[in-house]
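Enquirer: Encoded as structure tokens, here's the structure I'll be asking about.
The values are calculated or read from the model by the stated rules, or taken from the named source; none is laboratory data. In this text the structure is predicted, and so the values were computed from the model without any measurement. We place every Cβ from the backbone using ideal geometry, glycine too, and count neighbours over all the protein chains shown. With ligands, DNA and RNA removed, areas are computed over all heavy atoms of the protein, side chains included. Shrake-Rupley method; radii C 1.70, N 1.55, O 1.52, S 1.80 Å.
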Amino acid sequence: MPIETFNKGTTYTELFGHSDGDGLTCGTFTIQGDPGIATTNPYGAVGIVTKGTLFLTDSSAPNERHELKEGQVFHVTKGTTYKWSADRQGEAFYVMPKPIDEEVP
């Protein structure tokens with residue numbers, strides 16, 4: 001399953017495994033409404049919704065919209081093409097295993 005949600009207690013190595021020399025990048029984002037932009041993440045990502053409710057849709061299953069409420073953790077598998085949206089506004093914090101000097105897609 002390219003998009004999953006997890007309960008408390010899931011570890012980083014359960015999601016990404018481990019490889020020496022890999023870097024981590026993190027950040028925050030805010031979504032208002034439906035920007036209509038799909039992106040493909042070449043690294044995979046894990047994050048947590050910090051404010052509001054967000055919706056995450058995998059482009060390969062457009063009828064399956066995942067509702068993520070404040071405090072819920074999400075994981076997007078490497079190579080997944082997906083789209084964020086919100087009824088009003090939502091915010092999230094994410095971490096992805098990628099070298100720090102590469103641009104985030």
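Enquirer: Mind listing whichever residues of region 1-41 are in contact with an Asp or Glu (Cβ under 9 Å, 6 or more places away or on another chain), at pLDDT 80 or above and not in a loop (DSSP other than H, G, I, E, B)?
Expert: Correct list: T28, F29, T30, I31.
Enquirer: Would you please list the contacts, defined by Cβ atoms under 9 Å and residues six or more apart or on different chains, that run from a residue in region 37-53 that is free of Cβ contacts under 8 Å to residues at least 60 places away in the same chain and exposed (fewer than 15 other Cβ atoms within 10 Å of the Cβ) to a residue that is of a type in the set (S, T, Y) and outside any strand (DSSP E or B)?
Expert: Correct list of pairs: A38/S59.
Enquirer: Report whether or not E64 is of a type in the set (D, E) and either at pLDDT 90 or above or open to solvent by less than 50 Å² (accessible area, probe 1.4 Å) (or both). Walk me through it before giving the result.
Expert: Details: of a type in the set (D, E): yes; either at pLDDT 90 or above or open to solvent by less than 50 Å² (accessible area, probe 1.4 Å) (or both): no.
When the stated conditions are applied, E64 does not pass them.
Enquirer: Related question: Scanning for something polar (S, T, N, Q) and at pLDDT below 95, does region 42-56 turn up at least one residue? Break it down stepwise before answering.
Expert: To start, the set of residues in region 42-56 that are polar (S, T, N, Q) comprises 50, 53.
So of that shortlist, the ones also at pLDDT below 95 come out as none.
Looking through region 42-56, none of the residues is polar (S, T, N, Q) and at pLDDT below 95.
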